[in-house]
Amino acid sequence: MSLPVLTVCAALGRQGAGVVSAFTSEASPQYHVRALTSNPESAAARELASKPNVSVVKVDLHSLDSVVAAFEGSTLIFANTVFPPDVFVKDGAAKAEEAEASHGLNIARAAAKTSSLKHLIWSTLPDVLSETGGKLNIPHFQSKIPAERYILEHESGLANKTTFLRLGLYGSVIERPTYTPVKVDAANARLLILPIDPDAVFPFIGDETFNTGLLAKAIFSQPDKTTGTYVNGTIEAVTGRRWASNLEKAAKAHGKDVRIVFLQSTLSGFEQLWGATGTEIGIMFQFWNDYSEHSYDISTAGRVVLTPRDLGVADQLRGNEDAMVQFL
């Protein structure tokens with residue numbers, strides 16, 4: 001008897017890979033994993049295809065027909081889209097937002113056409129533009145929203161088959177230039193420079209690959225509790241000062257004598273430092289500055305918001321430490 005199909009979008013990305021890993025590490029598999037990628041001939045895709053109970057399928061997210069075919073026969077779908085860095089660099093944030101939004105809508109529309117579908121996880125982010133009355137626009141947040149709105153429409157038939165998962169900052173984000181502490185040799189220190197008040201908190205998911213897989217398994221295994229809800233995928237909310245302190249402690253625990261100091265910048269200063277990327281990330285921190293610990297509980301259409309503790313996995317999630325140290 002064949003296993004039901006779990007289809008994972010962006011299966012070679014950090015979120016998708018975590019979901020694939022979580023479901024392929026089981027001693028007695030409950031699902032056949034259909035891993036979707038735009039490049040099934042890559043080394044990573046071929047390695048994934050060699051695993052039992054996994055099939056790697058090419059998908060073109062620009063084509064609704066391609067996504068419909070890739071979803072055919074799926075019982076569960078984990079859907080995640082990516083803010084395309086190549087488009088962002090070449091054409092700017094608005095074009096990158098448009099591209100990701102198009103991919104998300106094709107995924108949502110294809111899911112609505114999948115008669116076998118019982119449960120969809122849509123990896124999303126808060127609708128900051130609507131929540132702030134147009135004051136703050138974070139393109140890599142807003143690119144998730146058209147698909148979310150489509151899913152919530154009664155006509156889609158997906159609203160009560162879907163769990164909306166909002167993940168905090170990846171633990172590995174420390175490797176990205178806008179987050180990496182800047183060396184100041186004269187002071188024998190590194191500066192963690194962010195445009196946020198020292199006492200405002202922002203969310204982390206921790207080890208994003210492992211934790212996304214763990215959360216997805218918990219969500220899919222408890223459909224009576226999770227369908228039609230939002231899940232706040234935050235393992236901890238920290239201030240800039242606390243993050244700097246945590247980075248320093250983690251480094252010293254691994255034998256690295258590093259002093260890390262948090263420094264608040266203005267949004268304009270952050271933009272001058274990092275250019276277009278600084279604008280994108282800076283506005284996100286401005287949002288967290290204004291909404292702090294409530295930032296991931298907004299714009300939920302009156303639906304229940306669950307936490308990892310509600311799902312019974314809070315004590316199993318992995319923190320940021322291992323991701324932090326290798327980049328210091």
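The values are calculated or read from the model by the stated rules, or taken from the named source; none is laboratory data. Worth saying up front: this structure is predicted, and the values here are computed from it rather than measured. Virtual Cβ from ideal backbone geometry, glycine too; neighbours counted across all protein chains shown.
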Which condition does residue 104 not pass, out of (1) under 17 Å from the mean Cα position of the chain (by Cα); (2) over 26 Å from residue 214 (Cα atoms), if it passes all the others? (2)
Given (1) over 26 Å from residue 284 (Cα atoms); (2) surrounded by fewer than 20 Cβ atoms within 10 Å (Cβ to Cβ), number of the condition residue 218 does not satisfy: (2)
Please find, within the range 275-320, the residue that is modelled with the highest pLDDT out of those that are crowded, with 16+ Cβ neighbours inside 10 Å and touching a Gly at 6+ places or on another chain (Cβ under 8 Å). 308
All helices (runs of 4 or more DSSP H) inside the range 248-328 with 3 or more residues being more than 18 Å from the chain's Cα centre (by Cα) and free of Cβ contacts under 8 Å to residues at least 40 places away in the same chain: 267-274
Counted residues in the range 61-100 being within 22 Å of the chain's Cα centre (by Cα), among the acidic types (Asp, Glu) and under 26 Å from residue 160 (Cα atoms) come to 1
Restrict the check to the range 174-188 and report whether at least one residue is under 26 Å from residue 95 (Cα atoms), touching a strand residue (DSSP E or B) at 6+ places or on another chain (Cβ under 8 Å), touching a residue at least 40 places away in the same chain (Cβ under 8 Å) and not hydroxyl-bearing (Ser, Thr, Tyr). no
What tally of residues in the range 32-90 results from selecting those that are crowded, with 22+ Cβ neighbours inside 10 Å, touching a strand residue (DSSP E or B) at 6+ places or on another chain (Cβ under 7 Å) and of a type in the set (A, V, I, L, M)? 10
Kindly provide the set of residues from the range 244-274 that are surrounded by fewer than 16 Cβ atoms within 10 Å (Cβ to Cβ) and either under 24 Å from residue 139 (Cβ atoms) or among the small types (Gly, Ala, Ser) (or both), ordered by number. 253, 255, 266, 268, 269, 272
